[in-house]
Amino acid sequence: MNQNMMQNSKNVLLYPKSGKPSIIANAWLIWNDSDNEKAFPEIEREQKVLAPFQWWLSHGQAQAKDPNSELAKRIQDQTIGVWFAADDDVLKHAEVIELGKLIWPIVGADFPIFRDGRSFSTAALLRERFHWAGEIRAIGDVLIDQLIQGARSGFDSFALRADQNRDVALKQFDLFTVTTQNSWRDRRSQLDSQLEQIK
Amino acid sequence: MYKYDYIDQTLVNERVVQFKDQVERRIDGSLPEEEFRPLRLQNGLYHQRHAYMLRVAIPYGLLSSDQLRTLAHIANKYDRGYGHFTTRQNIQFNWIKLEESPAILADLAKVQMHAIQTSGNCIRNITSDAFADVAADEYVDPRPVCELLRQWSTLHPEFAFLPRKFKFAVCGAKEDRTILLCHDVGISLKKNLQGELVADIYAGGGMGRTPILGSLIKENLPWNVLPSYLTALLRVYNRFGRRDNIYKARIKILVKALGPEEFARQVEGEWATIKDGDDNFQQLEWDRVANHFTRPAYKSAQSISTQDLIDGAPANEQVAFARWLERNVKAHQVAGYASVVFSLKPHGSVAPGDATTEQMLAIADLADQYSFGELRVTHEQNLVLADVEQAKLLELWHKAKAQNVVLPNIGLLTDIIACPGGDFCSLANAKSLPIAKAIQERFDDLDYLHDLGEISLNISGCINSCGHHHVGNIGVLGVDKDGKEWYQITLGGEQGNHAAIGKVIGPSFGAEQIPDVMADIIDTFVKHRTADEAFIETYRRLGVTPFKEAAYLNRSKENVVGAGV
């Protein structure tokens, strides 16, 4: 595998906001080379790619303006998205992200290590502030025991680390049937129940 | 007190199932220790020197007699017959087996208790005033807000993996009894001129390696928007708090680096976009929760003067009873009632804050008989029966004597606050319990202690400051120097409205020196005090110099070491 590719899962856990979780084949390759001025040197044209957001800022934006560029074709084919590093400040780049909403079929947010929770806030901001309606994929050090928090913060797909048991992962979303605070997926159960009683 | 509805109960039950599965995966090897560690910590399970330690939350310090019985039962069945009440209104069991931890949590869930978020880099158990709704100086009963925030913060998805731990304190009285300014977030409740419940928000306080008092970042925040405001605040911290260095990861470092004004501005900016969102509490949620905090069925009774109470005791007990009334019995909002503090600080026999199964069971019975079946846990590691009829104080005193919890030392030098230290904790650099014991043995004369008056003495076994040494009038910090245990002394720390961080007096002392050093410091106080001056007042008046001189006078070099921390 090219060293500039992150681990590329064979499959991902997909959990749509109003749907059931399932394991599906992974279509998106994660490219990890922000410094590369040229786009996708060794990646096949048809391969769907998530590029680093920093690369998009420094190179991608400019290339996209050239209608003959490979990137422009990828945009047309919907084979290009971006992923946010844990320290990418999405609020600083609101205009780029607003434009990206028209281009990227999917975005990712990275967990450099499982216990780094910054990307939970990134996902929450993408949903709340940017009203991002497409897929947000958790990438990097994604473990079974982050799935519930991720799914509630705004993620709807997870490129689990290769060693994580997929069957155990799928069961996580059945563990809790109630919640005591609002999240992207659900409203606090107690308030729901009280409002129900009033009706 | 608050009672779970089926939703609260379901959540706690489901958390037990989740943790049981995590433990099973740890035991079968599919979950490595490094990845299990944050998960068990988020459920209060530490790995200590000898065994696992389980920290159980006592939210805002409120406990029912049945809950205390369950804690007693857990101490008996799964531990060595005792528990340790901590400085953050939790209880710790020191001798736990990993395999048994899910069963303990299941037992706790049956009495509406849990260990959720008592550790880990998440929002911890919310602490408050142990005298809520009974203290005479209270503006607002903080408990409904505490409970609403307990629910809001429980398993909050976005803030499960913060840069570091995050502690809330909530107070609603004139005198702060929560060390509000030493918390990541301090919420000070009051009524505004229109009679509406509002909060002042302090951020960036903390102890540890870099003790800092919190800064006021928001005034007069309506109670109902606390969830959106706190979301904004935690979001700024989650995104920008340092993660490269564990010692610089607390919010206090971020607030200090940005400056409180800039931090407040960033929170305000984030809040502006979510302040009208549906995270905010609704009135019907307040009503549901606040309805649980109704007043107990007080009898209408006349106030009894202290003298009349003393006169009611047998002649040979009057001196001791008077002393107990003076130190361990507190004024109440309701005529004819008082709050009683049971001292878990007997001199030189057990660790500060420890209670045995037998004591817990007996105290639960006393709570049923004398205080409507409820208790409070103080951050000073004592227990409170908050609603005792004055007319029954003598009877209660007699019965509590049998449990060895009536030592009249509340607020005195031997009411020592201490962490478990190096005897148990694997983080500690030095032991704290033998130091506490030696000091209590040295100052065992109750007459002398009473003459000395209010002095707080806090001992931490390491810079994590679980013994809150920074805010002790006298603070003792265990440090390690070349594999030997040394103790650094700070003076002038204070909790309450005059909260202050103590100052290090100089090089550290060997353990065996500490009782003598204390004696020298106390003698200096006695020598210089005027009239009824409290220790801290004399210290404020004179500064550190005379105390420092006394502490180092006649101490040879081998007894001190310049372990700068």
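The values are calculated or read from the model by the stated rules, or taken from the named source; none is laboratory data. Small disclaimer: the values here were computed from a predicted structure and weren't measured. Please note: Cβ atoms are built from the backbone with ideal geometry, for glycine as well, and neighbour counts cover all protein chains shown.
Just to be sure, is A:Val107 on the phi < 0 side of the Ramachandran plot, crowded, with 24+ Cβ neighbours inside 10 Å and within 14 Å of another protein chain (Cβ to nearest Cβ)?
For A:Val107, the condition - on the phi < 0 side of the Ramachandran plot, crowded, with 24+ Cβ neighbours inside 10 Å and within 14 Å of another protein chain (Cβ to nearest Cβ) - is not met.
So, B:Asp415, is that one assigned to a loop (DSSP other than H, G, I, E, B) and not basic (Lys, Arg) or not?
Details: assigned to a loop (DSSP other than H, G, I, E, B): yes; not basic (Lys, Arg): yes.
Yes, satisfied.
Considering each of B:Ala301, B:Ala272 in turn, give the residue that is at pLDDT below 95 and over 26 Å from the mean Cα position of the chain (by Cα). If you could, list the steps in order and put the result at the bottom.
Values: B:Ala272 fails: at pLDDT below 95.
Of the residues listed, the single one that is at pLDDT below 95 and over 26 Å from the mean Cα position of the chain (by Cα) is B:Ala301.
From B:Asp532, B:Asp520, which residue is outside any strand (DSSP E or B), in contact (Cβ under 8 Å) with a residue 60 or more places away in the chain and not assigned by TED's automatic domain parsing to the domain that holds B:Arg177? Lay out the reasoning, then the answer.
Working: B:Asp520 fails: in contact (Cβ under 8 Å) with a residue 60 or more places away in the chain.
Answer to the check: B:Asp532.
Consider segment B:387-432. How many of its residues are among the acidic types (Asp, Glu) and surrounded by 21 or more Cβ atoms within 10 Å (Cβ to Cβ)?
The number of residues fulfilling the criteria is 2.
Which residue out of A:Ala124, A:Ala162 is within 18 Å of the chain's Cα centre (by Cα), over 18 Å from A:Leu50 (Cα atoms) and away from every other protein chain (no Cβ under 13 Å)?
Among A:Ala124, A:Ala162, only A:Ala162 is within 18 Å of the chain's Cα centre (by Cα), over 18 Å from A:Leu50 (Cα atoms) and away from every other protein chain (no Cβ under 13 Å).
Determine which member of the set B:Glu441, B:Glu494, B:Glu454 is among the acidic types (Asp, Glu) and more than 22 Å from the chain's Cα centre (by Cα).
Just a single option satisfies the conditions, and that option is B:Glu441.
Which of the following residues is out of contact with any Cys (no Cβ under 8 Å at 6 or more places or on another chain) and within 19 Å of B:Ser65 (Cα to Cα): B:Ser349, B:Ser371?
B:Ser371
Table: residues versus (1) under 18 Å from the mean Cα position of the chain (by Cα); (2) in contact (Cβ under 8 Å) with a residue 40 or more places away in the chain; (3) not assigned by TED's automatic domain parsing to the domain that holds B:Pro222.
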residue: B:Ala103; (1), (2), (3): no, no, yes
residue: B:Ser119; (1), (2), (3): yes, yes, yes
residue: B:Tyr139; (1), (2), (3): no, yes, no
residue: B:Pro144; (1), (2), (3): no, yes, no
residue: B:Glu147; (1), (2), (3): yes, yes, no
residue: B:Arg150; (1), (2), (3): yes, yes, no
residue: B:Pro157; (1), (2), (3): no, no, no
